[in-house]
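The structure under discussion appears below in the form of structure tokens.
The values are calculated or read from the model by the stated rules, or taken from the named source; none is laboratory data. Remember, it's a predicted structure, so these values are computed and weren't measured experimentally. Glycine also receives a Cβ, built like all others from the backbone with ideal geometry; neighbour counts cover every protein chain displayed. To get the accessible areas, we keep the full protein, side chains included, count just its heavy atoms, and leave off ligands, DNA and RNA. Shrake-Rupley method; radii C 1.70, N 1.55, O 1.52, S 1.80 Å.
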Amino acid sequence: AGGSDAAAFSATGAFAAGPNAQPSGVEHYSPPIVIHSHGRSGSTLLLEVLEQDPSLWTAYEPLKSVRDLPWQIMNLEGSACRDPWQPSPSMEPRCALRDAALLASLLVCDFSPLQAAWYQELDLAGERGQWMPEAKGAAWHRDYTRPRLARDAMAKTRADRRACLARRQRAVKTIRLNGRLGALYNVTEDLGLPKPVVLHIVRDPRGVYASRKKVGGPTRGDDADAVRGRDVNFWVPNAAMGSQAVKLWASTLCVATTRDRQAGRRHPDHYRLVNFTELVSAPERVIRGIYAHVLRRSVPQPVLDFIRARMPGGNRTAGAATAAAEDRWGTAARSADRVQNEWRGQLDEWELEGIEQACKRNWEARPKAAQLVRAERLRAHGLFWRHVLDGRLPPRPKPGAP
């Protein structure tokens, strides 16, 4: 990183001027990391790998506490920055600049903006409930069942800040900035904060759809009681909604991917595409590339041990530890071939056609974006995107074929 990106923060979180300034207690300046993708595209899996690094502080979905509107208060609007009860399939933010500023602040261990936003949402909810941080994301709690709600939440953020300052590098993971990645780059420049390196994971939209369908199932039209506790961010259309709903779903994702890819290309030193297929089939190779070109150091042994124990790659079957993690979070890589091709046996013809037509139309309507991506040989976009840009689609297996 260069220019203002080389400015480093002190132990108090304040910035020290000058290109050679160093963070207190840290060996040297290292760029912060943002893991960015659509939901069910491998972002949690990549975070779980990187959080094995003893030099890296990580945060899982920090925007959830100020964005999600849980079913417990589904009739409450909250602030204008809250997601609606049925959010966009891409989770595109309503307040992209605010959310980008929150992420940028966390990457320099400044939790004050996130704390202020948390209190704002507590006010707007009538001080009756708010999200409490947990190991993976957050859980909704009422103030009458947890009287120390705010104090406990702030104690957690203070502990997180101390842990953040103790590490030499930071990484946050989010699925809540899709389509507005440019806001993150703009905000960091406006505020004079270190510009992060974005690891943008891209997955075949048919695989994203199939994974969401498997995990959450269709929610629109379901009885409200049936979806309590379910993450409604992963909704997919049901058969009653028809092919137009699938096309809208797919178009939303593909438009957001295109927009973010364009934003990243304007900052080539701070953007790296990660192919989901490569992540699950050759995880060690992908991680070694991230460490060599982004983190600029060797891969710590705990990271390699985690990959070899939990991410078998190829068509090998995962062990008991991986299966247990999959049951808990639904994120651990199993047989890579099965993960990559699960859509083939799960999606109906009308679903496949809707996704393919919507994404093909999106790319055809953006020739400049297509040319830019093709010029880079589409190294990290996967086979689906290569075919789409060439005006054709990957062949589907014949009926009865594996």
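Points to keep in mind about this one:
- The set of residues in segment 278-310 being in contact with a Phe, Trp or Tyr (Cβ under 9 Å, 6 or more places away or on another chain) and polar (S, T, N, Q) consists of Ser298 alone.
- Per-region count, segment 192-208, residues over 12 Å from Leu103 (Cα atoms) and out of contact with any Gly (no Cβ under 7 Å at 6 or more places or on another chain): 7
- Top-ranked residue of segment 79-130 - restricted to ones that are of a type in the set (A, V, I, L, M, F, W, C) and at positive phi, ranked as modelled with the lowest pLDDT: Met91
- With respect to (1) farther than 18 Å from Val66 by Cβ; (2) open to solvent by less than 40 Å² (accessible area, probe 1.4 Å); (3) aromatic (Phe, Trp, Tyr), the lone exception for Tyr144 is condition (2).
- The residue of segment 169-183 that is modelled with the lowest pLDDT, among those that are in contact with a strand residue (DSSP E or B) (Cβ under 8 Å, 6 or more places away or on another chain) and not in a loop (DSSP other than H, G, I, E, B), is Gln169.
- Entry remark, segment 79-112: residues being open to solvent by 10 Å² or more (accessible area, probe 1.4 Å), charged (D, E, K, R) and either closer than 23 Å to Thr257 by Cα or without any contact (Cβ under 8 Å) to a residue 24 or more places away in the chain (or both) number 3 in total.
- Some residue of segment 318-330 being open to solvent by 60 Å² or more (accessible area, probe 1.4 Å), among the acidic types (Asp, Glu) and either modelled with pLDDT of 90 or more or not in a helix (DSSP H, G or I) (or both): no
- Counting the residues of segment 242-293 that are part of a loop (DSSP other than H, G, I, E, B) and open to solvent by 40 Å² or more (accessible area, probe 1.4 Å) gives 1.
- Which listed residue, of Arg180, Arg158, Arg176, is open to solvent by 40 Å² or more (accessible area, probe 1.4 Å), under 23 Å from Leu97 (Cα atoms) and among the basic types (Lys, Arg): Arg180
- The lone exception for Asp204 - which of (1) at pLDDT below 70; (2) acidic (Asp, Glu); (3) closer than 29 Å to His270 by Cβ it fails: (1)
- Checked against (1) within 26 Å of Val215 (Cβ to Cβ); (2) open to solvent by 20 Å² or more (accessible area, probe 1.4 Å); (3) modelled with pLDDT of 90 or more, Arg296 passes all but a single condition, namely (1).
- Ala150 vs. criteria out of contact with any helix residue (DSSP H, G or I) (no Cβ under 7 Å at 6 or more places or on another chain) and over 22 Å from Ile290 (Cα atoms): no
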